[in-house]
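Beneath this line is the structure, given in structure tokens, with notes to follow.
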Amino acid sequence: MQSYSVIAVTGATERKQLSVLCADQKFIAEAPVFLVWVADLARLDRVCELRGYTQVTEHVESFLIPAMDCAIASQTAALAAESLGLGICFVGSIRNNPQEVIDLLELPQHTFPIVGMTLGWPAKEPHLKPRLPLPAILHWENYQTDQDTALLDYDRTMAATGIYEGRQVSMPDKPEVMENYGWLEHSARRAARVVRAGMRTVLEKQGFGLK
Ligand SMILES: Cc1cc2nc3c(=O)[nH]c(=O)nc-3n(C[C@H](O)[C@H](O)[C@H](O)COP(=O)(O)O)c2cc1C
């Protein structure tokens, strides 16, 4: 049913405002286009209205489908852009201040910003990050829990790239502890933090029931 929309923001003032709302990340204001991928059931409200129906929007599924549509469409756009020599960066911090983004972009009821994406000509060729080894991702026939070898391998591979230097996630209880800092510690610290706890309130205000 294509339950997504994308807002292409080109105005310098609006890009600057969005960069501040998205964790003050400067590259968002610098890129010529900022795409905001929006879960969109508003269009289907109109479809239902035109045909004399009322759309059901109060269940988790009614949010999951448009969120998945946004993920699929944005990744497809990323591939298309990169095939043309353009560069992109996904921006999850579009959900840091969802109400402000909704107000700025005049998003109607039954819409929600899922992910942002900068679009522009890359200043330099980005290096490719090593990916998780296949055994950590691919499970034949049923879910395999013995992933430790793959995880420890990846931890060492990622640490060896030097990617975490100066980018360590601090923890309140052990801010100075940085030894053995690799993918395991980085991911665990990120996963152990509360993030965007207020999102549900805004989702409900936008008409997504999440029952
Ligand atoms: C859903 C999602 C949200 C992201 N949000 C941000 C962000 O807000 N700021 C940022 O600099 N990078 C963001 N990134 C980009 C990642 O930090 C990383 O640079 C990117 O995924 C490339 O890494 P990869 O080689 O593992 O794909 C995001 C990536 C994804 C997939």
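Just so it is clear, none of the values below were taken in a lab; they were calculated from the coordinates. Computed from a predicted structure; not experimentally measured. A quick note on method: Cβ atoms are made from the backbone with ideal geometry, for glycine too, and the neighbour counts reach across all protein chains shown.
Specify the angular offset, from 0 to 90 degrees and rounded to the nearest 10, of the alpha carbon long axis of helix 60-83 from the longest principal axis of the alpha carbons in the chain.
On a 0 to 90 degree scale, this one is about 70.
Between rounded, prolate and oblate, where does the range 60-107 land on the alpha carbon gyration tensor, with a ≥ b ≥ c its root eigenvalues, rounded for a/c under 1.5, else prolate if a/b exceeds b/c?
Since a/c reaches 1.5 but b/c is at least a/b, the shape of the range 60-107 is classed as oblate.
Pairs of alpha-carbon atoms within less than 8 angstrom and 6+ residues apart define the contacts here; what relative contact order does the chain have, in percent?
24
Once both labels are modelled 7 Å past Cα along the beta-carbon direction, what's the E14-Y143 spacing in nm?
In this crude spin-label approximation the distance works out to 4.2 nm.
Out of residues 5 or more away from V9 or on other chains, whose amide H comes under 5 Å of its own, with H placed 1.01 Å from N in the peptide plane?
F34, L35, V36
So the label point goes 7 Å from the Cα of D153 along Cα→C-beta, right? Which residues of the range 126-147 then have their backbone N under 17 Å from it?
130-140, 144-147
Are there chymotrypsin sites (Phe, Trp or Tyr not before Pro) in the range 73-166 that DSSP marks as loop and that have at most 16 other Cβ atoms within 10 Å, and which are they? Walk me through the numbers before you get to the answer.
Numbers: sites: F90, W140, Y143, Y154, Y164; in loops: W140, Y143, Y164.
In loop regions of the range 73-166 (DSSP not H, G, I, E or B), the sparsely surrounded chymotrypsin sites (Phe, Trp or Tyr not before Pro) are W140, Y143, Y164.
Kirkwood Rh, Cα Rg: Rg to Rh for the chain? Provide the component values of the computation, followed by the final result.
Details: Rg = 19.8 Å, Rh = 19.7 Å.
We get a ratio of 1.01 for the chain.
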